[in-house]
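Peer 1: Submitted below is the structure of interest, expressed as structure tokens.
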Amino acid sequence: MKIYNQLRKLKFMRTLYSGTLAAVIIFLGTYFTGTLGPTEAKVSIQEMKPSLRFICSSTLTATSTILALLLTLLSFSSSTERNIKAEHFDRVKWIARLSTIAFAGAIFLLMFLNLPLKNNDIHLEGFYQTTYYALLIYGALLGGLMISVVLMLYRAAKAIILIYHPNRDADFLFVSQQQREAVEEEKKEQEEQKS
């Protein structure tokens, strides 16, 4: 049972690492196009705003759609005659959790973009440069998070497709009798320890 949990955690971490790698590539791709001084950063922030607004609105649309479609995925999962392994439901839980984080992050960035940054005060020049790189990092993290969510969603959808595919064997997705008995024994031991 411990090996199964470690394998499940490894698959989850692999998805998060993929999203992190994507975020790093997105950031480095924009960073290596050239570093900016304080005055160029101010202009670049103004030029970035429409793109960031588009990314935010796309993220809001995608995450709200994903959260709504998770209900359909769960109804397909619960309509099977056999018990699906907990890994599938944990994946769905993490998809919902990360989608909610991405939704909140997109709203936060959208609200930040509405702040007026056209102050010509000379003392804010360092602020524009810091804000520019912070927006690059934030946008890259949001993109990486969305890639992780989509990869998890792909794996969950793939499992459901395998369950309902007429020519595929999906026994590895279902809980075996031995696993069910092991879980029941574990629950009994936990109840005895609480008593």
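Peer 1: Being at pLDDT 90 or above and either open to solvent by 70 Å² or more (accessible area, probe 1.4 Å) or within 17 Å of residue 138 (Cα to Cα) (or both) narrows it down to one of 64, 51, 44, 58, so name that one.
Peer 2: 58
Peer 1: Take residue 98 and decide whether it is modelled with pLDDT of 90 or more, surrounded by 14 or more Cβ atoms within 10 Å (Cβ to Cβ) and not small (Gly, Ala, Ser).
Peer 2: Details: modelled with pLDDT of 90 or more: yes; surrounded by 14 or more Cβ atoms within 10 Å (Cβ to Cβ): yes; not small (Gly, Ala, Ser): yes.
Criteria met by residue 98.
Peer 1: Same structure, new question: Cβ contacts < 8 Å: first residue farther than 26 Å from residue 111 by Cβ and in contact (Cβ under 8 Å) with a residue 60 or more places away in the chain, restricted to segment 139-156; second residue among the polar types (S, T, N, Q) and surrounded by fewer than 19 Cβ atoms within 10 Å (Cβ to Cβ), any location; separation 6+ or different chain. Result?
Peer 2: That search, which allows pairs on different chains as well, returns 151/18.
Peer 1: Can you give me the number of residues within segment 101-116 that are modelled with pLDDT under 80 and either under 15 Å from residue 63 (Cα atoms) or in contact with a helix residue (DSSP H, G or I) (Cβ under 6 Å, 6 or more places away or on another chain) (or both)?
Peer 2: Result for segment 101-116: 0.
Peer 1: Return yes when residue 3 is open to solvent by 90 Å² or more (accessible area, probe 1.4 Å) and modelled with pLDDT under 85 and no when it is not.
Peer 2: Numbers: open to solvent by 90 Å² or more (accessible area, probe 1.4 Å): yes; modelled with pLDDT under 85: yes.
For residue 3, the condition - open to solvent by 90 Å² or more (accessible area, probe 1.4 Å) and modelled with pLDDT under 85 - is met.
The values are calculated or read from the model by the stated rules, or taken from the named source; none is laboratory data. Keep in mind that what you see is a predicted model, and the values were worked out from it rather than measured. No Cβ is skipped: glycine too gets one built from the backbone with ideal geometry, and neighbour counts run over all protein chains shown. Each accessible area value is taken on the protein alone, full model and side chains, heavy atoms only, with ligands, DNA and RNA left out. Shrake-Rupley method; radii C 1.70, N 1.55, O 1.52, S 1.80 Å.
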